[in-house]
Amino acid sequence: MIVLIDSNKPVYLYAQELDNSGNSICLSSSVSGEYQDVSASSSQRDEILCFLDQVQRSGRRWWISSQEMECITTFYGDCLVKLNPVTRDCVGRVAPIVVLFNVRSAFRSIVGRVLLDSEKFTSRVCSSEQRAQIFRLQKMLNFHWLVIYFHIIFFSRKRLND
Amino acid sequence: MSKIKDYALLALGAAALSAGSAAVGYLSSKLVKRFVAEENKPKALGAFAIWGQPDSGKTTFIGLLMGRDIYGKKEQTLSKDVKGRILLTGFFDEDFEIQELVDMPGTKDRLNDWLALVERSDHVFYMINLQRISEKEYLRKVKLDIDKTVKSRSVSNSKIRRKINVVGTHLDQSKWKDLDDSHNILQQDESLREVMELMGDARGYFYPANLLDKSSSTRLIKCVVNDCIN
């Protein structure tokens with residue numbers, strides 16, 4: 001199933017709970033500072049997971065990626081931003097946060113806010129370097145989507161999947 | 001004139017003979033190569049389905065099967081990752097190949113993905129963290145997963161009913177860590193018995209292991225391969 005996040009779709013935040021209970025946090029946002037929970041049993045959740053898998057599998061590493069923050073994009077403009085916060089889960093594993101959006105979406109203007117707010121929703125703490133990377137990403141996303149799109153075409157590389 | 005004709009025919013015959021021999025030689029070498037390749041081809045084990053609650057050792061087990069370094073930084077698995085054609089070498093005299101391995105998170109929202117995977121896989125492995133098996137809530141979730149997996153099998157259109165094998169992980173951190181013959185004693189544990197009984201005729205093998213211990217993990221993989229081929 002190929003899922004494309006189009007320009008009308010909101011920004012999604014996804015992370016597993018730190019207590020390894022099997023629960024996960026999934027929120028959608030289309031207005032800065034406002035979030036709606038996406039139920040685990042909803043078809044929207046299935047679409048989001050499918051999108052996550054798809055971009056992880058076939059996406060390209062965007063130039064804006066760093067050690068603190070990985071950005072994976074496709075030529076459709078689908079984008080996955082993965083942060084590894086300082087906070088670990090209850091057994092000491094790295095507990096990433098993922099934000100999903102499309103660069104053609106008008107809601108890309110709130111991606112930075114969603115990333116910063118993810119700390120409070122997921123009970124994680126990001127480092128100051130990560131917060132600096134988030135601001136850098138948002139600066140890029142403030143450009144016209146065509147500029148971003150061409151940037152992705154020229155400055156993204158195929159990832160080495162082992 | 002007739003002599004020239006004869007010599008020409010002779011030359012033509014010799015040319016045809018040598019071309020024929022070359023063709024036969026070429027075809028024979030091709031056949032031999034194909035035969036040798038077939039003989040050396042790794043034995044196919046089929047597709048594996050692996051799942052369990054978070055922190056049950058799924059990614060570590062898959063890493064072991066793929067020959068990866070499993071001692072690095074541990075991370076929550078966030079997405080479904082499909083690996084194809086994994087070669088298993090050094091466990092027996094011959095090589096084996098797993099057609100497909102899927103690593104995915106153990107979160108509730110992946111349950112349907114798991115059930116779909118069970119449907120199409122040849123060998124099913126459910127991972128249980130033995131350190132947590134006595135926890136009421138953990139046991140309840142494991143039993144729920146097993147129950148749904150068994151029910152999904154019973155309504156499946158597939159004529160083949162896969163057995164559900166159980167891999168018990170974190171043995172070194174469980175209450176059985178100091179026991180010599182932990183395998184039999186483990187199966188007498190009340191919580192584990194409840195899980196195994198829930199499977200009914202879907203019950204497969206039980207493999208307790210410490211995935212981070214080389215001898216334990218090697219023994220595990222050998223048993224798994226042995227049971228897959230028999």
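Here A:LEU52 does not qualify as of a type outside the set (Gly, Ala, Ser), open to solvent by less than 10 Å² (accessible area, probe 1.4 Å), more than 10 Å from chain B (Cβ to nearest Cβ) and touching a residue at least 40 places away in the same chain (Cβ under 8 Å). So A:LYS158 clears everything in (1) over 12 Å from the mean Cα position of the chain (by Cα); (2) modelled with pLDDT of 95 or more; (3) open to solvent by 60 Å² or more (accessible area, probe 1.4 Å) except one condition, right? Which one? Against the list (1) over 12 Å from the mean Cα position of the chain (by Cα); (2) modelled with pLDDT of 95 or more; (3) open to solvent by 60 Å² or more (accessible area, probe 1.4 Å), A:LYS158 comes up short only on (2). Taking region A:18-46 as the range and being away from chain B (no Cβ under 14 Å) and either open to solvent by less than 20 Å² (accessible area, probe 1.4 Å) or among the acidic types (Asp, Glu) (or both) as the test, the residues that pass are A:SER28, A:SER29, A:GLU34. Quick check: anything in region A:107-127 surrounded by 20 or more Cβ atoms within 10 Å (Cβ to Cβ), more than 18 Å from A:LYS9 (Cβ to Cβ), in contact (Cβ under 8 Å) with a residue 24 or more places away in the chain and more than 14 Å from chain B (Cβ to nearest Cβ)? Yes: region A:107-127 contains one or more residues that are surrounded by 20 or more Cβ atoms within 10 Å (Cβ to Cβ), more than 18 Å from A:LYS9 (Cβ to Cβ), in contact (Cβ under 8 Å) with a residue 24 or more places away in the chain and more than 14 Å from chain B (Cβ to nearest Cβ). Exactly one condition in (1) more than 8 Å from chain B (Cβ to nearest Cβ); (2) touching a residue at least 12 places away in the same chain (Cβ under 8 Å); (3) touching a Cys at 6+ places or on another chain (Cβ under 7 Å); (4) closer than 25 Å to A:ALA132 by Cβ is false for A:ARG60; which is it? Going through the list (1) more than 8 Å from chain B (Cβ to nearest Cβ); (2) touching a residue at least 12 places away in the same chain (Cβ under 8 Å); (3) touching a Cys at 6+ places or on another chain (Cβ under 7 Å); (4) closer than 25 Å to A:ALA132 by Cβ, A:ARG60 breaks only (3).
Only a single criterion out of (1) more than 13 Å from the chain's Cα centre (by Cα); (2) more than 21 Å from A:GLY22 (Cα to Cα) is not satisfied by A:VAL94, namely (2). When region B:75-112 is filtered for residues that are more than 18 Å from the chain's Cα centre (by Cα), open to solvent by 50 Å² or more (accessible area, probe 1.4 Å) and more than 23 Å from A:GLU70 (Cα to Cα), the ones remaining, listed by number, are B:LYS108, B:ASN112. Taken over region A:73-83, the residue count meeting the criterion of being surrounded by fewer than 22 Cβ atoms within 10 Å (Cβ to Cβ) and within 13 Å of another protein chain (Cβ to nearest Cβ) is 1. Remark: pairs (first residue in region B:150-171, open to solvent by less than 30 Å² (accessible area, probe 1.4 Å); second residue of a type outside the set (Phe, Trp, Tyr) and modelled with pLDDT under 75; Cβ separation under 7 Å; 6+ apart in sequence or on different chains) = B:ARG153/B:ARG161; B:LEU171/B:SER182.
Within region A:84-106, residues that are away from every other protein chain (no Cβ under 13 Å) sit with their Cβ atoms under 6 Å from residues that are open to solvent by 30 Å² or more (accessible area, probe 1.4 Å) and of a type outside the set (A, V, I, L, M), at 6+ positions apart or across chains, in these pairs: A:PHE101/A:ARG108; A:VAL103/A:TRP145; A:ARG104/A:SER7; A:ARG104/A:TRP145; A:SER105/A:SER7.
The values are calculated or read from the model by the stated rules, or taken from the named source; none is laboratory data. Just so it is clear, the structure is predicted and the values come from calculations on it, not from any experiment. All Cβ positions, even for glycine, are placed from backbone atoms using ideal geometry, and neighbour counts span all protein chains on display. Quick note on the areas: whole protein, heavy atoms, side chains included, nothing else; ligands and nucleic acids left out. Shrake-Rupley method; radii C 1.70, N 1.55, O 1.52, S 1.80 Å.
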